[in-house]
Structures are given as C-alpha cells and as structure tokens.
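Asker: The structure that follows is given in the form of structure tokens.
The values are calculated or read from the model by the stated rules, or taken from the named source; none is laboratory data. Predicted model, so just to flag it, every value in this text is computed and none were measured. All Cβ positions, even for glycine, are placed from backbone atoms using ideal geometry, and neighbour counts span all protein chains on display.
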C-alpha cells in the first residue's frame, strides 16, 4: 500500500475511533473498542491486542486474532523491549529478533506501542503482528501512537471532550 493511501486510511480510523471513544466507557472498554476497529479495518493486522502491566507482569488484555500468550516472559521479546525503553518498537522480521516470544509461529513482523495513562505512567503496550515481513513502518508508528493516546487522554484533553 502506498504511503498516501495508508495515511488516509489511518485518518479515517482515527476519526471513527474518536467518535466511538467519545461515549462513556472505562479504560478496558476503550481498549476493546480500539482493538476491534483496528483488527477489522487493517487487512495486514494478524493479531491485534494489548498487554498490560499487572504486578510486574505483562498480561494479555483485550485482543483479536489467534489465541495469545497470557503472560509474557519477563524482559524478553518485543513487548518488554518497548516497555523497558518506553518507546515504539518496529520489527521487520520477528524471527531475527533476539529473545522473540513466539505466541503464534505465523507472525513475521510486529509493532509494539507503549501505553501511557493521563499522568504519563506506562501501563502496557499495543501489540500488532502481521504474517508478512516488513509490514510496519513509520506511518504505522505515527498513527498508532496517536490512536493509543485516545485511550487515556491527558486531563485537559479529557475535559475538552466533555465540554
């Protein structure tokens, strides 16, 4: 898919997600809504979900796709790399990534975006896998980072949404 077409798709997705999240709901409901939209609207997303930090573990949250690993081995794999560095990680070929955690051997590339609450505290990650190598790029990073910020918007943004 060319860059302009991809950007336009993400713009439409952002608008749809914004409208859906404008309704009442807690974090879990917002996460489930984001996953449903992304997974069903982006054809190269094979597994789409969240892992959240609970008692020092990364545990699966709302997701769509094949069965997931329920708890990820500590400090291994792409998700923990994103958590430990507090930044998005794009992996062109997961089979070449050190300590990759293979929940499904069909996954070939991955993007993991950290989740921060309204106070800036990291509480988990958005994890998206594809069955093709090199599926994710800077356009995916930019737009997925915008989308996850809608789950727990900063307080001033949350207030402006209500008014």
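Asker: Scan (1) touching a helix residue (DSSP H, G or I) at 6+ places or on another chain (Cβ under 7 Å); (2) at pLDDT 95 or above for the single condition residue 101 breaks and write down its number.
Answerer: So the condition that residue 101 fails would be (2).
Asker: Do we find that residue 56 is free of Cβ contacts under 8 Å to residues at least 40 places away in the same chain, within 26 Å of residue 142 (Cβ to Cβ) and out of contact with any strand residue (DSSP E or B) (no Cβ under 7 Å at 6 or more places or on another chain) in this structure?
Answerer: no
Asker: What are the residues in segment 4-25 that are out of contact with any helix residue (DSSP H, G or I) (no Cβ under 7 Å at 6 or more places or on another chain) and closer than 25 Å to residue 66 by Cα, if any?
Answerer: 9, the sole residue that qualifies.
Asker: Return the residues of segment 30-52 that are over 18 Å from residue 141 (Cα atoms), in contact with a helix residue (DSSP H, G or I) (Cβ under 7 Å, 6 or more places away or on another chain) and touching a residue at least 60 places away in the same chain (Cβ under 8 Å); say none if nothing qualifies.
Answerer: Within segment 30-52, 30 is the sole residue that qualifies.
Asker: Could you check residue 141 against (1) touching a strand residue (DSSP E or B) at 6+ places or on another chain (Cβ under 9 Å); (2) within 24 Å of residue 15 (Cβ to Cβ); (3) modelled with pLDDT of 90 or more; (4) surrounded by 18 or more Cβ atoms within 10 Å (Cβ to Cβ) and say which number it fails?
Answerer: With respect to (1) touching a strand residue (DSSP E or B) at 6+ places or on another chain (Cβ under 9 Å); (2) within 24 Å of residue 15 (Cβ to Cβ); (3) modelled with pLDDT of 90 or more; (4) surrounded by 18 or more Cβ atoms within 10 Å (Cβ to Cβ), residue 141 is out only on (4).
Asker: I'd like the full set of residues that are within 21 Å of residue 116 (Cβ to Cβ), touching a strand residue (DSSP E or B) at 6+ places or on another chain (Cβ under 7 Å) and assigned to a loop (DSSP other than H, G, I, E, B), limited to segment 75-92.
Answerer: 86, 87, 88
Asker: Something else about it: Return the residue satisfying two criteria in turn: it lies in segment 106-133 and is farther than 20 Å from residue 34 by Cα and touching a residue at least 12 places away in the same chain (Cβ under 8 Å), and of such residues it is surrounded by the most Cβ atoms within 10 Å (Cβ to Cβ).
Answerer: Among those that are farther than 20 Å from residue 34 by Cα and touching a residue at least 12 places away in the same chain (Cβ under 8 Å), it is 107.
Asker: Identify the residue in segment 53-71 that is assigned to a strand (DSSP E or B) and touching a helix residue (DSSP H, G or I) at 6+ places or on another chain (Cβ under 9 Å) and, among all such residues, is surrounded by the most Cβ atoms within 10 Å (Cβ to Cβ).
Answerer: Filtering segment 53-71 for residues that are assigned to a strand (DSSP E or B) and touching a helix residue (DSSP H, G or I) at 6+ places or on another chain (Cβ under 9 Å), the one surrounded by the most Cβ atoms within 10 Å (Cβ to Cβ) comes out as 58.
Asker: Continuing with this model, one more query. Out of 95, 39, which single residue is in a helix (DSSP H, G or I), surrounded by 12 or more Cβ atoms within 10 Å (Cβ to Cβ) and more than 16 Å from the chain's Cα centre (by Cα)?
Answerer: Only one candidate passes the filter, namely 95.
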